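First comes the structure, then the notes that go with it.
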Amino acid sequence: MAPQHSDFVLHSVTAACMTNAELGLIENACVVVRDGILVWVGEFSALPAKFSRLPEICGGDRLLTPALTDCHTHLVWAGSRAGEFRQRLHGASYQDIAEAGGGILSTVKATRAANEDELFKASLPRAKALLHQGVAHIEIKSGYGLSLADEIKQLRVARRIGETLPLKVSTTLLAAHALPPEYENDSDGYIQHVCEQIIPAAAAEHLADAVDVFCENIGFSRAQAERVFQAAQAHGLPVKIHAEQLSDQDGSALMAEYNGLSADHLEYLSEQGIAAMAKAGSVAVLLPGAFYFLRETKLPPIQALRNANVPIAIATDANPGSSPLVQLPLMMHMACSFFRLTPEEAWLGVTRNAALALGDTQQGTLAVGQRADMALWNLTSPEQICYEFGMNPLEQLWIGGTAV
Ligand code: DI6
Ligand code: FE
């Protein structure tokens, strides 16, 4: 069924178009939507007469922005790790828990045990929560299946979320997230399985829009990540990387060599990694929720990223182990308070730069030709969303010109 959109003029808004570092603000602005696309953006007083017969919507002098994008989530999973959180607060270490079969592998066990419907039912509310905050585009990674059938199952559930809700879902194959028990002491054997079986299967079924690797001393090595990238490239899939989260493995520079979309986390990113990312035009995705939940103290190199003009995005990293949350505006607040991003950087990080991190050039700004994914906020100024948290200031969301 073709989506129903109406053509309309939305006026009496302050538009933050995200077209420059000052957010491209236009007072007394007006946008025109036709067939789900923005066909005019500017001051209401300059609206061409040819649009004057379209139905009008009054924005009540509210703030209008592009809809938000959450460009890094692992929101399809089963089970709960709340018990592990409790154990940690009673003195157990992360290591004790992992050795007792907990940690990522406990989520893998629960995710494998769930059938597709159960997994869908457990995950849908997380995506809905983001939608209700003004998010129109979500990336969802696999990585809790770690077998051919279970990775495919996770990706199918991610696609189904995109078919069920009005938002757009980009899927990422993260089979190289952790070592499954079947391959204990044989990480090269597992990487071979990922490259020769899982990536080709996901590509053949069009279930993955990108491929990701957890490159870390507790994950996979740089050399193993490169093998995964080569397989991804052979199947025409763009790459991204979880890198420099706990240590510097030079994973970001490797991703840049493969012209990847983004490197994510980045607390331990080096000057060399930053230079490589700048040259490739890749996005630096910051995940303040994981920084907070893991009680990390090392800050990502924000000023060096700024100096090198690397685009910065912000995402939730929604996952049961290191960032159990689905609140993108809260991540804007944390990016400002922990990382000292400016409110302008935080806004660009969940709109234009987040879309860029997903290779989506049709969304992320208010400009002619862009998809009419827009959010109207009960805010008097853009920085308010970074300052005050806990309220939901969303007044209205449109996705592809359709009110949601
Ligand atoms: N980095 C993380 O912080 C999460 N995954 C990753 O690659 C942790 C995922 C989990 O603990 O379930
Ligand atoms: Fe992650």
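The values are calculated or read from the model by the stated rules, or taken from the named source; none is laboratory data. Since the structure is predicted, the reported quantities are computational estimates derived from the model, not experimental observations. Cβ sites come from the backbone with ideal geometry, for glycine too, and all protein chains shown count toward neighbours. Ligands, DNA and RNA are stripped out before the accessible areas are found, and what is left, the full protein with its side chains, is counted by its heavy atoms. Shrake-Rupley method; radii C 1.70, N 1.55, O 1.52, S 1.80 Å.
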*Label Thr380 and Ser45 with points 7 Å out from Cα along Cα→Cβ: what is the distance between them in nm?*
2.3 nm
*So for Asp150, Asp248, what's the accessible-area order with a 1.4 Å probe, most first?*
Asp248, Asp150
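Roll a 1.4 Å probe over the protein chains and send me the accessible area per residue for the chain in Å².
Working: 16380 Å² over 404 residues.
Heavy-atom SASA per residue in the chain reads 41 Å².
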_Explain nothing, just the number: dipole magnitude of segment 30-102 about its Cα centre with +1 on each Lys and Arg Cβ and -1 on each Asp and Glu Cβ, in debye rounded to the nearest 20._
200 debye
*With DNA, RNA and ligands ignored, accessible area of Cys336 (1.4 Å probe; Å², nearest 10)*: 20 Å²
*Using a simple spin-label model with points 7 Å from Cα along the Cα→Cβ vector, what separation in nm is obtained for Ser337 and Leu246?*
2.7 nm
*Exposure of Glu22 as accessible area (Å², to 10), given a probe of 1.4 Å and all protein chains*: 130 Å²
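Where Lys and Arg each count +1 and Asp and Glu each count -1, what net charge lies around Leu287 among other residues with Cβ under 9 Å from its Cβ?
Numbers: positive: none; negative: Asp264, Asp317.
Here the charged neighbours net out to -2.
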_Quick check: with the 1.4 Å probe, what order do His193, His206, His11 take by accessible area, largest first?_
His206, His193, His11
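Calculate, for Ala403 and Glu22, the FRET efficiency according to 1/(1 + (r/R0)^6) with r their C-beta to C-beta distance and R0 22 Å; round to the nearest 0.05. All intermediate terms of the calculation are to be shown ahead of the outcome.
Values: r = 29 Å, r/R0 = 1.30.
After rounding, the FRET efficiency stands at 0.15.
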*How high is the FRET efficiency from Ala367 to Glu271, r the C-beta distance, R0 30 Å, rounded to 0.05?*
0.35
_To make sure I understand the rule: partners must be lysines, Cα under 29 Å from the Cα of Lys240, and not fewer than 8 residues away in the same chain. Which ones qualify?_
Lys109, Lys121, Lys128, Lys141, Lys153, Lys168, Lys279, Lys298
*Helical mean residue ellipticity (222 nm; -39500 (n - 2.57) per DSSP H run of 4+; nearest 500) of the chain*: -10000 deg cm²/dmol
*Angle between the chain longest axis and helix 271-280 axis [Cα atoms, degrees, rounded to 10]*: 50 degrees
*asked:* Between Arg53 and Leu299, what is 0.36 nm times their sequence separation minus the Cα-Cα distance? Round to one decimal in nm.
replied: 83.3 nm
*Hey, if you put +1 on the Cβ of every Lys and Arg and -1 on every Asp and Glu Cβ in the chain, which of Leu173, Gln133, Ala158 ends up farthest toward the positive end of that dipole?*
Gln133
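If Tyr268, Tyr258, Tyr94 are ordered by their accessible area, calculated over protein heavy atoms with a 1.4 Å probe, which sequence runs from highest to lowest?
Numbers: Tyr268 65, Tyr258 40, Tyr94 105 Å².
So the residues, ranked largest to smallest area, are Tyr94, Tyr268, Tyr258.
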*Taking the chain as the reference, fit the longest principal axis to its C-alpha atoms, fit the long axis of helix 116-132 to the helix C-alpha atoms, and give the angle between the two in degrees, 0 to 90, nearest 10.*
40 degrees
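Treating only the Cβ of Lys, Arg, Asp and Glu as charged (+1, +1, -1, -1), what charge dipole size does segment 68-357 show about its Cα centre? Round to the nearest 20 debye. Present the calculation step by step, with values, prior to reporting the outcome.
Working: 23 positive and 32 negative charges, 181 e Å.
It comes to approximately 880 debye.
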*Using only protein heavy atoms and a 1.4 Å probe, report how much of Cys386 is accessible, in Å² to the nearest 10.*
10 Å²
*Got a number for carbon plus sulfur as a percent of the chain's accessible area, 1.4 Å probe?*
51 percent
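For Asn185 and Phe389 in the same chain, what is the full-extension length gain: residue separation times 0.36 nm, less their Cα-Cα distance, in nm? Display every interim value, and only then the final one.
Numbers: separation 204, 0.36 × 204 = 73.44 nm, distance 4.50 nm.
The span from Asn185 to Phe389 would gain 68.9 nm if fully extended.
Report the gain in length on full extension from Asp96 to His132: 0.36 nm times residue separation, minus Cα-Cα distance, nm rounded to one decimal.
Working: separation 36, 0.36 × 36 = 12.96 nm, distance 3.76 nm.
Net length gain for the segment: 9.2 nm.
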*Spin-label model distance (nm) - Gln197 vs Glu257, 7 Å beyond Cα toward Cβ*: 2.8 nm
*Roughly how tilted is helix 148-164, in degrees to the nearest 10 and between 0 and 90, from the longest Cα axis of the chain?*
10 degrees
